[in-house]
Amino acid sequence: DDEEMRRIPYSNEIVLRGHTKVVSALAVDHSGSRVLSGSYDYTVRMYDFQGMTSKLQSFRQIEPSEGHQVRSLSWSPTADKFLCVTGSAQAKIYDRDGLTLGEFVKGDMYIRDLKNTKGHISGLTGGEWNPKSKETILTSSEDGSLRIWDVNDFKSQTQVVKPKLARPARVPVTACAWNHDGKHIVAGVGDGSIQMWSIKPGWGSRPDIHVEKGHDDDITGLKFSTDGQILLSRSTDSTLKQLILTGTSVEKEGRSGGLLCFFDRKKLELVSRVGISMTCSVVRCAWHPRINQVFATVGDKKEGGTHILYDPSISQRGALVCVARAPRKNSVDDYEVQPVIHNPHALPLFRDQPSRKRQREKILKDPMKSHKPELPVTGPGHGGRVGSTKGSLLTQYLLKQGGLIKETWMEEDPREAILKYADVAAKDPMYIAPAYADTQPEPVFAKSDSEEEE
């Protein structure tokens, strides 16, 4: 046991920070010099041990699919490209420096048979590059299928695999993996089953190995051993099947936080346990064989990071390179010339001329250019209105002042005003009245209200 403990490099630790939410995906290239971390904050950060100082800052940050969490990252066998799988239905391929090379096509969601669609129709759950072929990748999706793609053709997959189910339904495939020689693929299905296929001529969707009740809940991780004899699986049902190295979640009422647990492969006994975080769960973990360093990602809704465990006596390169390379301190002899910046387009000569409409509006607002007369400061005409007219037109106002128009309707009774012309109308009828003079009855007017009251 003591000998086994010494082999685990956990005497020292560094943390790669930068993400604002939990780190959900991790990939370390085969040389151990470049690390990829993907997060629920929708971004992928790229770290390079050779060019990184002790500040441990990423050299590039990319957002593969806006609004979609990063779920899986995988390097190609030659480490010149990497696969990025997000919660969208389309996986992306990037080159080693983070430049987009292509995006796989999305299938038609209205086609019922998944084998007739050119791509996935629902969010991806996982993906991995073929360890022996630099042109082949594998993806799994919530639409209930696995698909094998050729990275030279982003328009259609080369193979569609539908897992075996007890009854027809659309059950998501929650995890997928290649074995180390690239001749077998394995899938964890939402019904708890583990299914494996051999890549051979004429192979189809019928699995070669079908473990019906592998787990009681969603399978979150699958991994083959290097010799191909053992398949490791992890699930949210809190069970571990043939596990060697795994991360644990924070228990609500437990005292321990997120841990890394190391198991003996033959005895399946717990060999060692290393505490990573008191408040966050360990989501992804990897033990890199070449640099002999252990990677574990953690995080919550506020921040995320990648913990790297190493031992200076048995680990090589990797974290040791950037930890030893502390940032250079400023010297008293350092001098930096502040450049003088010339921006010719800021000069009035190079500015675009404003539109004529805006110029006219500006001139109208300017009292000098528009020749607008000065307004009265006080008095009845304040603000440009003739206040003494009492709301009437100026002509009416002048006629009233001259006595030609008299407003008597406010003082006299309208009935009396009409009857005072009754005698004149009877003696000298005009217009319509003469035409009906012979047949018109004698008009009888009602007496005034005041007389009736009397």
What whole-number value in Å² describes the accessible area per residue of the range 160-281 for a 1.4 Å probe?
57 Å²
Evaluate the Debye formula for the chain with equal point scatterers sitting on the alpha carbons, no solvent, and hand back log10 of I(q)/I(0) at q = 0.09, 0.10, 0.13 Å⁻¹, in q order, two decimals.
-0.71, -0.83, -1.18
Largest-first ranking of E374, E442 by accessible area, probe 1.4 Å, whole protein assembly kept, is E374, E442
Which one of S88, G32, L101 is farthest out on the positive end of the charge dipole of the range 12-328, using unit charges on Cβ (Lys, Arg +1; Asp, Glu -1) and the Cα centre as origin?
G32
Accessible surface of D80 in the full protein assembly, 1.4 angstrom probe, to the nearest 10 Å²?
60 Å²
Sorted by chain and then number, the residues having a modelled amide H within less than 5 Å of the amide H of S74, at least 5 places away or on another chain, are L83
Of the listed pairs K183/K266; K162/K223; K115/K155, which have alpha-carbon separations greater than 22 Å here?
K183/K266
S272 long-range amide H proximity, modeled H, under 5 Å:
F262
Which far-off residues, 5 or more places away or on another chain, put their amide H under 5 Å from the one on T220, with H placed in the peptide plane?
R234, S235, T236
Hz values of 3J(HN,Hα) by residue in the range 219-229 - Karplus curve (6.51, -1.76, 1.60), Gly and Pro given as x
8, 9, x, 9, 7, 8, 6, 4, 7, x, 8
Heavy-atom accessible surface of the chain: percent carbon and sulfur, 1.4 Å
51 percent
For the range 1-62 the trypsin sites (Lys or Arg not before Pro) that pass both the DSSP coil test and the at-most-14 other-Cβ-within-10 Å test are K55
Applied in sequence order to the range 259-268, the curve 6.51 cos²θ - 1.76 cosθ + 1.60 (Karplus, θ = phi - 60°) yields integer Hz couplings, x standing for Gly and Pro, of 10, 10, 10, 10, 10, 6, 5, 7, 8, 6
Where does each of H19, H68 land when they are ordered by accessible area, with a 1.4 Å probe and the largest first?
H68, H19
Phi-derived 3J(HN,Hα) across the range 169-183 with the Karplus relation (6.51, -1.76, 1.60, θ = phi - 60°), rounded Hz, x for Gly and Pro, is 6, 10, 9, x, 9, 8, 7, 8, 6, 9, 7, 6, 9, x, 10
Local electrostatic count, G32, Cβ distance below 9 Å [Lys/Arg +1, Asp/Glu -1]
+2
Please give me, ordered by residue number, the chymotrypsin sites (Phe, Trp or Tyr not before Pro) of the range 84-192 that lie in loop per DSSP and have at most 10 other Cβ atoms within 10 Å.
Y110
Find, among the trypsin sites (Lys or Arg not before Pro) in the range 161-252, those assigned to loop by DSSP (not H, G, I, E, B) with at most 11 other beta-carbon atoms within 10 angstrom.
K213, K252
Please give the charge dipole size of the chain, origin at the Cα centre, charges +1 on K and R Cβ atoms and -1 on D and E Cβ atoms. Round to the nearest 20 debye.
2700 debye
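The values are calculated or read from the model by the stated rules, or taken from the named source; none is laboratory data. Computed from a predicted model, the values in this text were never measured in an experiment. Here the Cβ is made from the backbone with ideal geometry for all residues, glycine too, and neighbour counts use every protein chain on show. SASA here: full protein model, heavy atoms, side chains in, ligands and nucleic acids out. Shrake-Rupley method; radii C 1.70, N 1.55, O 1.52, S 1.80 Å.
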